[in-house]
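The values are calculated or read from the model by the stated rules, or taken from the named source; none is laboratory data. None of the values given here were measured: they were computed from a predicted structure. Cβ placement follows ideal geometry from the backbone for every residue including glycine, while neighbour counts extend to all protein chains displayed. For accessibility, only protein heavy atoms count, side chains too; no ligands or nucleic acids. Shrake-Rupley method; radii C 1.70, N 1.55, O 1.52, S 1.80 Å.
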Amino acid sequence: MQAERKETISSHVSAWLRGEIIEGRLPPGEKINLDRLRTGRGISISPLREAMARLEAEGLVEFEDQKGFRVAPASLDDLTEVTLLLGEVAPLALRLAMDRAELDWESRLIGALHRLARSPSAEQDHALDDVYRVIVGGCANAHLIRHCHVLLTLLLRYRRIYGAMAATAGSLEGLVSDVGSGDTTAACARLRQHLIDVSQGPKEMLATK
């Protein structure tokens, strides 16, 4: 029971810190004071360290000897690497999902794209993230899904901190048609180009820093 409670506390803390980092309220490079967090949140050090370990594994936090934890820095090179990797693994997940051809997955994808198209601009980042997660979730490969989710979270962080998306629903309009016709080549190429386009706004902001 105590282990479950510690896990729950750790999950809550990691979710809260993840949101603070993604939204930029904890800016890149900022030192994370564990003692202050422990006191402010009223928790013990053990679940807090577990939460930090999770965020470190996700690439959102870094640990330095003698210095402790800090928010992972942001850079043009890092965003380029994230985009390059996503451009390979997300289309692979889409291809596997299309090979499985489950009607429930296709319905969820249509619904997610519809919500994205109807979302106000302030909510489009998260609506687009939902589309991505529906896409990769259909591949039924737990390792691939986990890897995609880490990269998608990093991309979301860059989008939230460094500017609006260069493309949203527009560059994915034909995806439903591609999926419906079973054209995996067109669908994967469309998704890959979309990810490149979406990263352009943050890249332009970082290039001017």
Checked pairs for the range 107-122, first among the polar types (S, T, N, Q), second open to solvent by less than 70 Å² (accessible area, probe 1.4 Å) and assigned to a helix (DSSP H, G or I), C-beta under 7 Å and 6 or more apart or across chains, list as 119/127
Test for residue 99: is it open to solvent by 60 Å² or more (accessible area, probe 1.4 Å), modelled with pLDDT of 95 or more and more than 24 Å from residue 199 (Cβ to Cβ)
yes
Can you confirm whether residue 163 is touching a Gly at 6+ places or on another chain (Cβ under 6 Å) and either modelled with pLDDT of 95 or more or over 19 Å from residue 89 (Cα atoms) (or both)? yes
Expected single match for in contact with a Leu (Cβ under 8 Å, 6 or more places away or on another chain), of a type in the set (Val, Ile, Thr) and within 22 Å of residue 204 (Cα to Cα) among 89, 82, 61, 13 is 82
For residue 139, the lone unmet condition from (1) open to solvent by less than 50 Å² (accessible area, probe 1.4 Å); (2) part of a helix (DSSP H, G or I) is (2)
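Here's the yes/no breakdown for (1) open to solvent by 50 Å² or more (accessible area, probe 1.4 Å); (2) within 30 Å of residue 207 (Cβ to Cβ):
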| position | (1), (2) |
| --- | --- |
| 111 | no, no |
| 114 | yes, no |
| 120 | yes, yes |
| 126 | yes, yes |
| 132 | no, yes |
| 144 | no, no |
| 155 | no, yes |
| 172 | no, yes |
| 185 | yes, no |
